[in-house]
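Notes follow once the structure below has been shown.
The values are calculated or read from the model by the stated rules, or taken from the named source; none is laboratory data. From a predicted model like this one, the values you see are computed outputs, not experimental measurements. FYI the Cβ positions are ideal-geometry reconstructions off the backbone, even for glycines, and counts take in every protein chain you see.
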Amino acid sequence: MLKYLIIGAGGVGGTLGAYLQRAGLSVSFLAHGKTLEALKKKGLTIVGDEGEETLAPVAAFDEAGYNETPDVIFLALKSYSIESVLPFLERVATENTVIIPLCNVFGTGEKLQKKLEKPLVTDGCIYVMANVEEPGKIRQLGKLMRVVYGARTEAEARTVLKDIQADLEKAGVEAVLSDNIRRDCMKKFAYLSPHGAVGTWRRICSARASTETFTAGLCGRCSQSRRRWALTWEASARRTALPWWIASRRR
């Protein structure tokens, strides 16, 4: 059985970890402060469309308390926080460890790989709508849970990536082992960035133009940036992805 470590127990990491724990997989959380305290004392609570569920006990640690060797590490934290966990990653990760960043910044895995010699660092992204209601308690909106990840080159590919896919699918996660992870991460970036910009714009401006029109325009401009990396995707990508972001804004 693969040993999973999720760094971050917020809306992304906590929700993903709950899926893994429900499926009986070996999963631990790295957390701090009130979140760590809540996980240790009360477990992890997920509030969803079908009610509230508490998973307890959960294995939760801070850096000093975690002394295992994980097979898979999901980075479910803000990209600006990655530097702070580099010493920890250097300590616990081996040449057999796979690190999968789920940060909403294009190229995170490639940049991190240059700083870590031993483990394989893929790129990845996640589609889920969830937010923290209080430490250790997360509300998931809808049932969308999709993890997209993969090696950037054939030389980096490992058979364990398929084992991870099997575990995620067992846990009820839509797991996409990408054959072009740069393209698939750029797809999300091309819609996430406009979504954030429009959210900010609505709060600081007296917006008269259609939000959907504004979002679609920004999505189109972001999509054009894929040409820098010679990335292509189907013409329908914007039409299929945009409604999801608009729906998330309306919730």
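Annotations for the structure displayed:
- All positions within the stretch 153-211 that are modelled with pLDDT of 90 or more and of a type in the set (S, T, N, Q): T153, T159, Q165, S178, N180
- Test: residue in the stretch 156-163 that is in contact with an Asp or Glu (Cβ under 8 Å, 6 or more places away or on another chain), over 20 Å from G48 (Cα atoms), among the β-branched types (V, I, T) and part of a strand (DSSP E or B): no
- Scanning the stretch 55-86 for residues that are in a helix (DSSP H, G or I) and among the aliphatic types (A, V, I, L, M) turns up I82, V85, L86.
- Residues of the stretch 104-113 that are buried (at least 17 other Cβ atoms within 10 Å of the Cβ) and either in a helix (DSSP H, G or I) or at pLDDT 95 or above (or both): T108, G109, L112, Q113.
- Of A23, A59, A76, A64, all but one fail to be at negative phi and buried (at least 24 other Cβ atoms within 10 Å of the Cβ); the exception is A76.
- Selection of the stretch 6-54 for residues being in contact (Cβ under 8 Å) with a residue 60 or more places away in the chain, closer than 13 Å to E134 by Cα, not in a strand (DSSP E or B) and not hydroxyl-bearing (S, T, Y) yields A9, G10, G11, G14, G33, K34, E37, A38, L39, K42, G43.
- Of all residues in the stretch 133-151, those satisfying the criterion of being surrounded by fewer than 20 Cβ atoms within 10 Å (Cβ to Cβ) and touching a strand residue (DSSP E or B) at 6+ places or on another chain (Cβ under 7 Å) are E133, K137, R139, L141, L144, R146.
- Residue within the stretch 88-103 that is closer than 25 Å to G142 by Cα, modelled with pLDDT of 95 or more and part of a strand (DSSP E or B) present: yes
- Taking (1) free of Cβ contacts under 8 Å to residues at least 12 places away in the same chain; (2) over 22 Å from L112 (Cβ atoms) in turn, P135 satisfies each apart from (1).
- Failed item, numbered, when L116 is tested on (1) of a type outside the set (K, R); (2) modelled with pLDDT of 95 or more; (3) closer than 16 Å to I6 by Cα; (4) outside any strand (DSSP E or B): (3)
- All conditions in (1) within 22 Å of A31 (Cα to Cα); (2) in a loop (DSSP other than H, G, I, E, B) hold for E133, with the sole exception of (2).
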